[in-house]
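What follows is a set of notes on a single structure, which appears directly below.
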Amino acid sequence: MNRNHITRALNQVSHNELSRETAIYEAAHATAIYLGNKQRHLPPIFFQISITHDACGMDNEWIAKIDGGRLIHTLPSSIAEATRDFTDAQKQAYQLAFEADIINLLVGPLAEAKYVALRDHTPINPCLIPIQPLQYYGETSDLHTVREYLECFITEKTERISKIAELFFMALSFINNPSHWQAIVALTDYILRVGKDSIDCEEAGFIITQQAC
């Protein structure tokens with residue numbers, strides 16, 4: 001899970017704002033993985049927030065990404081094939097993990113979109129936001145992965161559109177929860193303030209829990 005801000009840099013956003021947008025993006029991922037999975041009674045999973053500073057690059061690039069954090073480590077050719085020999089309970093658990101990974105991937109660009117909208121005093125109207133414009137907020141990896149998930153999850157295009165809309169609004173609901181948003185902002189501030197190259201899931205979880213209780 002990662003977000004690269006090169007596209008945003010072309011639009012003359014200040015370096016400090018680019019850094020904050022990137023931190024918001026990854027803090028939202030981390031919060032969804034740590035807190036959202038727990039709320040869905042899914043097993044805890046290791047992740048690490050890694051930060052890279054490229055002061056020698058043309059754009060003085062600041063990149064953050066999450067290593068790990070996915071319940072489905074390797075995507076199958078199809079979910080039907082992967083669960084062919086599963087019990088009904090196992091199939092339900094696998095589908096829940098599949099959906100959780102998609103929601104957690106969507107939360108990052110949605111959180112960044114919300115932050116930019118709030119900063120620019122243009123609140124988000126969810127009825128006006130299709131999935132496609134989220135490519136502005138980190139298309140390079142996460143939204144491509146969402147499409148890969150959906151392609152092996154649902155083969156029929158109409159059903160796929162319906163499912164992504166459902167999961168999109170679940171992700172939006174997650175970041176719009178006031179305590180979740182406070183946790184995302186608190187972790188963002190911590191990422192920017194602490195100056196570390198990496199923050200593990202326990203350290204991130206402590207910050208998240210302090211705000212989301």
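No value in this document is a laboratory result; all are computed from the given coordinates. Quick caveat, the model's predicted, so the values are computed rather than measured. Counting neighbours? That spans all protein chains shown, and the Cβs are built from the backbone with ideal geometry, glycine included.
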Subject >> Relative packing of 21-29, 37-45, 112-120, which averages over residues the other C-beta atoms within 10 Å, highest first >> reply: 21-29, 112-120, 37-45
Subject >> Net +/- balance of residues flanking R160 in space, Cβ distance below 14 Å, scoring K and R +1, D and E -1 >> reply: -3
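Kindly state, to the nearest 0.05, the FRET efficiency for R193 paired with F86, given R0 = 45 Å and r defined as their beta-carbon distance.
Working: r = 45 Å, r/R0 = 1.00.
Using R0 = 45 Å, I get an efficiency of 0.50.
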Original post:
Using a cut-off of 27 Å between alpha-carbon atoms, which lysines can reach K65, once sequence neighbours fewer than 8 places away in the same chain are excluded?
Top reply: K38, K114, K163, K196
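Once fully extended, how much extra length lies between E17 and F206, figured as 0.36 nm per residue of separation less the alpha-carbon to alpha-carbon distance?
Numbers: separation 189, 0.36 × 189 = 68.04 nm, distance 2.51 nm.
Between E17 and F206, full extension yields an extra 65.5 nm.
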Original post:
What aspartates and glutamates could a cross-link reach from K157, if we take a straight Cα to Cα line under 16 Å and drop same-chain neighbours fewer than 8 places away?
Top reply: E148, E166
Subject >> Simple spin-label estimate for S77 and K38 in nanometres, 7 Å along Cα-Cβ >> reply: 4.0 nm
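Starting from the exponent 0.38 and prefactor 2.2 Å, build the expected Rg for segment 71-118 from its residue count and divide its actual Cα Rg by it.
Numbers: Rg = 14.7 Å, N = 48, 2.2 N^0.38 = 9.6 Å.
Against the empirical 2.2 N^0.38 Å value, I get 1.54 for segment 71-118.
Can you tell me the order of 142-152, 75-85 when each peptide is scored by its average per-residue count of other Cβ atoms within 10 angstrom, highest first?
Details: 142-152: 16.9, 75-85: 13.5.
Ranked by mean Cβ neighbours within 10 Å, highest first: 142-152, 75-85.
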